[in-house]
Amino acid sequence: MIDFRPVLSIVGLVLCLLAAAMAVPTLVDLAAGEPEWQAFLTAGGITLVVGLGLVLGARGHTGALSVRQIYLATGLAWLVPCLFAALPFALAPLGLSTADAVFEATSGITTTGSTVIAGLDRLPSGLLLWRALLQWLGGIGVIVMAITVLPLLNVGGMQMFRIEVVAAHERASPRAARVGSTIVTVYIGLTLVLGLALWGAGMGGFDAMVHAMSTIATGGFSTRDTSLGAFDSAMVELIVGIGMVVGGMQFALFFHLAQGNWRRLAYDQQLRWYLGLMALGGAAVTLWLMGERGLDPLSAVRFGFFTVASVMTGTGLVTMDFSDWSGLSAAVLFFLTFVGGCAGSTAAGIKVFRFQFLFADALMQVRQLLRPHAVMFPTFNRKAIPKDVLGSVMGFIFVYALAFAVLAMALALMGLDFVTALSGAASAIANVGPGLGEVIGPGSTYAALPDAAKWLLAAAMVFGRLEMFALLVLFVPAFWKQ
């Protein structure tokens, strides 16, 4: 039998952290005289009591976790906080149903950015800040999970990065905690730099802070219904665009940079592919905007590259409504939705490195046809890619495609039209945020969807954020056997 006590202790610690975070919007609303502070105080108290109960109940039973316990802790440490993070939305006088509250909270924690709330311009500061805090904390959780948990569990080829990070760690520091502390420090520092830059570009202090957290976490929650387009500032869009690109980079690079290994930026293949795909996509959409929409070159570059960066990194911030885009632009955005960012970033999606692995393997197969007796092997960052890693990547992409197809068909069975079902499934499982079409496009919310669809999409957000296998393994009967 699995010993649940260490797992529950971890979940309790996460809930305690969540309760502490609720104190921030409580104070903000209390200072502003907004009645929502009572909802945050009540929700924080409930969350803290449950969290402390789990921690104290497991006292004396913590220690090294088995692989099964790690899988279980990973799943519960994301699922349970989504439910408790929904309490402020449910208790506040917003009129949200249980499905709406859980959907909004899950969207924040998984840094998806989909919303069911309209009238953001009139929303109390505490609720706006809570949405930003959820995705900011979720962004830290994503990075920590990608660096420590997924490589250990061999999820979708992530074991390649366990070899890489451990090797770098052994050369640079005798303490594993230094890797994590460096990355968290960089994450906080980048948030502060972005906030100050946005404030200097003309944003109000509160708006700058919320959008800085939303940008670095590639979350997408804004303080305005029209998202970043409400500010109509090329400088603001440039700063946020740079922030989104940085958020989609592998944060392990910052550890190498902190150790003085600047050469890493020059030869990291994943980073080159990531920036190259984004540049190609931006150029294609820019040309389409000039040819089909008649935009001048500067405006086309401004809106084209920002939209591509936002969709590819899964941020979802919007400066121009692209719900009615078609042809080349729609195809580019749909493809980049699934590509996502780099491994170990806050961005979601399949991740760039997996496409690199498959491309390297396909290229090797072609060369093998010309020289059938030669010994060849695909490489990544000058290292051979083991066959078990390639098999893991292929299995991951198959399950990803299957999950997308099943989710899209399930949404269609609930009465959603083809575009809404297809883009909604892609948006949820890739943690992007806005979909396509009039129902869930950038200018709309997910409020019009039936509650069953919201529950399904919320589950898909967690499923995609945990890279599927970390959650899927819990449904295998053998997992629960001795």
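The values are calculated or read from the model by the stated rules, or taken from the named source; none is laboratory data. All of these numbers come straight from a predicted model, not from anything done at the bench. A quick note on method: Cβ atoms are made from the backbone with ideal geometry, for glycine too, and the neighbour counts reach across all protein chains shown.
Output the residue which, of all residues in segment 107-120 that are part of a helix (DSSP H, G or I) and out of contact with any Lys or Arg (no Cβ under 6 Å at 6 or more places or on another chain), is surrounded by the fewest Cβ atoms within 10 Å (Cβ to Cβ). My answer is Ile109. Scanning segment 436-471 for residues that are surrounded by fewer than 16 Cβ atoms within 10 Å (Cβ to Cβ) and among the aliphatic types (A, V, I, L, M) turns up Ala448, Ala452.
Among the residues of segment 353-400, those that are part of a loop (DSSP other than H, G, I, E, B) and at negative phi comprise Arg371, Pro372, His373, Ala374, Val375, Met376, Phe377, Pro378, Ile385, Pro386. Total residues in segment 198-230 satisfying the condition of being among the small types (Gly, Ala, Ser), crowded, with 24+ Cβ neighbours inside 10 Å and farther than 16 Å from Val246 by Cβ: the figure is 2.
One residue is enough: does segment 67-76 have a residue meeting the conditions of a type in the set (A, V, I, L, M, F, W, C), over 19 Å from Leu472 (Cα atoms) and touching a residue at least 24 places away in the same chain (Cβ under 8 Å)? Checking segment 67-76: not a single residue is of a type in the set (A, V, I, L, M, F, W, C), over 19 Å from Leu472 (Cα atoms) and touching a residue at least 24 places away in the same chain (Cβ under 8 Å).
The residue that is nearest to Leu456 (Cα to Cα), counting only those in segment 67-88 that are surrounded by 19 or more Cβ atoms within 10 Å (Cβ to Cβ) and more than 21 Å from the chain's Cα centre (by Cα), is Leu87. Among the residues of segment 288-323, those identified as in contact (Cβ under 8 Å) with a residue 40 or more places away in the chain, farther than 19 Å from Ile239 by Cβ and not small (Gly, Ala, Ser) are Trp288, Leu289, Asp321, Phe322. Within segment 47-106, the set of residues being farther than 22 Å from Val142 by Cβ, β-branched (Val, Ile, Thr) and part of a helix (DSSP H, G or I) comprises Val49, Val50, Val55, Thr98.
Only residues that are free of Cβ contacts under 8 Å to residues at least 40 places away in the same chain and of a type in the set (Val, Ile, Thr) were counted across segment 32-53, and they come to 2.
Looking across segment 366-404 at every residue that is among the aromatic types (Phe, Trp, Tyr) and modelled with pLDDT of 85 or more, the one that is nearest to Gln159 (Cα to Cα) is identified as Phe396. Against the test of being farther than 21 Å from Ser107 by Cα and of a type in the set (Phe, Trp, Tyr), the options Phe398, Phe404, Phe469, Phe463 yield a single qualifying residue, Phe398.
Exactly one residue among Leu289, Leu295 is closer than 28 Å to Ala428 by Cβ and out of contact with any strand residue (DSSP E or B) (no Cβ under 9 Å at 6 or more places or on another chain), and that residue is Leu289. Counting only helices (runs of 4 or more DSSP H) that sit completely within segment 258-352, those holding 3 or more residues that are at negative phi and buried (at least 18 other Cβ atoms within 10 Å of the Cβ) correspond to 269-292, 297-312, 327-339. Looking across segment 407-432, just one residue is on the phi > 0 side of the Ramachandran plot and surrounded by fewer than 22 Cβ atoms within 10 Å (Cβ to Cβ), and that is Gly415. Just a yes or no: is a residue in segment 231-238 out of contact with any Asp or Glu (no Cβ under 9 Å at 6 or more places or on another chain) and part of a loop (DSSP other than H, G, I, E, B)? Yes, segment 231-238 contains a residue that is out of contact with any Asp or Glu (no Cβ under 9 Å at 6 or more places or on another chain) and part of a loop (DSSP other than H, G, I, E, B).
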